[in-house]
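Questions regarding the structure given below will be posed in turn.
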Amino acid sequence: GATGQAAASYDGLRLTALTKRYPNGFTAVRGIDLDVPRGSFFALLGPSGCGKTTTLRMVAGLESPTSGSIELAGNDITGAKPYRRPVNTVFQNYALFPHLDIFENVAFGMRRRKVADVDAKVGEMLDLVELGPQARKKPAQLSGGQQQRVALARALVNQPEVLLLDEPLGALDLKLRRSMQIELKRIQTEVGLTFVHVTHDQEEAMTMADTVAVMNAGVIEQMGSPAELYENPRSTFVANFLGQSNLIGGSVVRRDADVVTVDMQGIHVSVPAARVHTDGDQGWVGIRPEKVLVGDAGAELDAPGNTIPGGVVSDVSFVGVSTQYLVRMPWGQELTVFAQNTGRSKIFSVGEQVELSWRPEYAFLLDRSQDVN
Ligand code: ATP
């Protein structure tokens with residue numbers, strides 16, 4: 001029940017030191033702290049097996065935590081029975097009743113609980129998910145995406161405070177998944193409820209969520225807006241999991257107020273100062289492929305950039321919107337470059353010598369000592 005502790009009260013969903021050790025001794029979730037703002041679209045993103053589903057099941061009450069707590073709008077719900085929580089879940093295999101039509105599938109729970117105004121509420125939900133005209137069809141007569149929307153309507157009609165979505169689009173083909181991502185986001189904005197969406201698909205998380213928490217091996221590696229995570233990853237795991245990164249080993253040789261100078265394989269480059277860096281620190285300079293300029297394109301930098309000579313083009317693929325290069329650097333590493341096609345840009349060929357450059361502010365510096373993987 002409510003604890004009424006004003007100081008601890010948070011109007012969203014709060015996980016504190018949440019841990020799950022399974023009876024076989026495996027710890028799937030390792031003391032995570034997470035604040036999910038009320039009314040936000042929140043994505044829990046991570047590779048298979050990292051503990052996303054376990055976390056979601058603890059929030060739903062389907063799995064009990066080994067330790068830690070779960071609070072919703074200031075109420076401790078850690079030990080509450082699933083049906084006592086203002087939480088509903090949409091699963092990947094949405095399990096609609098095949099013999100009931102769409103309308104009755106959505107109405108089912110409310111009819112059992114003898115709720116008033118069922119017809120109006122169901123009608124409103126079917127309009128929200130744009131299935132009003134399909135109300136009298138059976139699930140088998142609908143597409144996968146439409147069935148998923150029925151499952152969503154069925155969960156939303158109960159007016160939960162938090163909707164949990166466990167890989168809800170996983171069963172759909174790519175094109176349908178893309179359109180459902182936009183649709184889900186629209187519905188969330190319209191109803192204004194807190195959505196917690198579990199996915200291993202970084203593009204899906206970035207497309208839909210206001211806030212993304214990246215999970216790896218039972219811990220939260222980093223949390224932030226999609227742009228923050230992309231532009232400023234704090235670990236090699238996040239840098240590689242969200243899009244592609246070039247990571248070049250180096251050591252800090254100088255630290256100024258905002259800028260750190262890194263000796264990168266004998267070449268000095270400037271990187272925005274992040275956290276710890278002191279002289280001699282080993283790190284990774286990270287730069288996204290689309291931020292790297294090839295050859296003369298670097299001359300367009302209005303401020304002095306970081307320039308690395310001596311690259312040799314080892315692969316070229318023309319992909320329409322951009323040309324993707326692999327460039328072998330003097331120290332043997334291949335860097336990936338996405339050069340935007342402006343129509344005027346020169347296309348380089350395999351074997352050509354090129355220099356690579358980028359604006360210092362586009363690079364990020366990662367602390368190598370933090371990387372265990
Ligand atoms: P996926 O995307 O594949 O579902 P996930 O990130 O959701 O992965 P979980 O399903 O939470 O991961 O599982 C996390 C880890 O806990 C996995 O290594 C899994 O094998 C293990 N695990 C899950 N359920 C149990 C259980 N009942 N007993 C023991 N280990 C379990």
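From the phi angles alone, apply the Karplus equation (6.51, -1.76, 1.60; θ = phi - 60°) to segment 118-135 and give each ³J(HN,Hα) in whole Hz, x where the residue is Gly or Pro.
With coefficients 6.51, -1.76 and 1.60, one gets 4, 4, 5, 5, 5, x, 5, 5, 5, 5, 4, 8, 6, 10, x, x, 9, 3 Hz.
Provide the per-residue ³J(HN,Hα) series for segment 259-265, in order, calculated from phi with Karplus coefficients 6.51, -1.76, 1.60 and θ = phi - 60°, each as a whole number of Hz, with x at glycine and proline positions.
10, 10, 9, 10, 7, 10, 6
What are the residues whose amide H is under 5 Å from the amide H of E221, where those residues sit 5 or more places off or on another chain and H is modelled from the backbone?
V214, M215, N216
Pull up all non-local amide H partners of Y10: gap of 5 or more, or a different chain, and H-to-H distance under 5 Å with H placed in the peptide plane.
Those lying under 5 Å, H to H, from Y10 are G74.
Here is a follow-up. Need one number: nm distance between label points at E231 and R30, each 7 Å from Cα along Cα→Cβ, rounded to one decimal.
Each label point is offset 7 Å from its Cα along the Cβ direction, giving 3.1 nm.
I would also like to ask the following. If you find the alpha carbon centre of segment 101-126 and of segment 137-206, how far apart are they in angstrom?
19 Å
Quick one: compute the contact order of the chain, relative version, from alpha carbon pairs under 8 angstrom and 6+ residues apart, as a percent.
About 15 percent, as a whole number.
Pull up all non-local amide H partners of A273: gap of 5 or more, or a different chain, and H-to-H distance under 5 Å with H placed in the peptide plane.
V259, V260
Same structure again: For K114, which lysines qualify as cross-link partners when the Cα separation must be under 25 Å and same-chain residues fewer than eight apart are set aside?
K81, K137, K138
Taking the DSSP beta bridges in the chain as the whole, what percent of them are antiparallel, to the nearest 5?
75 percent
Kirkwood Rh, segment 192-277, all Cα pairs: how many Å?
14.8 Å
Taking Cα atoms, how many degrees apart are the long axis of helix 144-156 and the longest axis of the chain, rounded to 10 and kept between 0 and 90?
Approximately 60 degrees, to the nearest ten.
What is the Cα radius of gyration of the chain over 2.2 N^0.38 Å, N being its residue count?
Relative to the 2.2 N^0.38 Å estimate, the chain comes out at 1.19.
Please report how far the C-alpha centroid of segment 30-95 lies from that of segment 325-364, rounded to the nearest whole angstrom.
Taking the Cα centre of segment 325-364 as reference, the centre of segment 30-95 is 44 Å away.
Among R344, R328, R30, which one shows the biggest mean-square fluctuation in a GNM of the chain, springs joining Cα atoms closer than 10 Å?
R344
Any read-out appearing in this document is the output of simple, stated calculations on the displayed coordinates, not a laboratory observation. Everything quoted here is computed from the prediction, not taken from an experiment. Because the Cβ atoms are built from the backbone with ideal geometry, glycine has one as well, and the counts that use them run over all protein chains shown.
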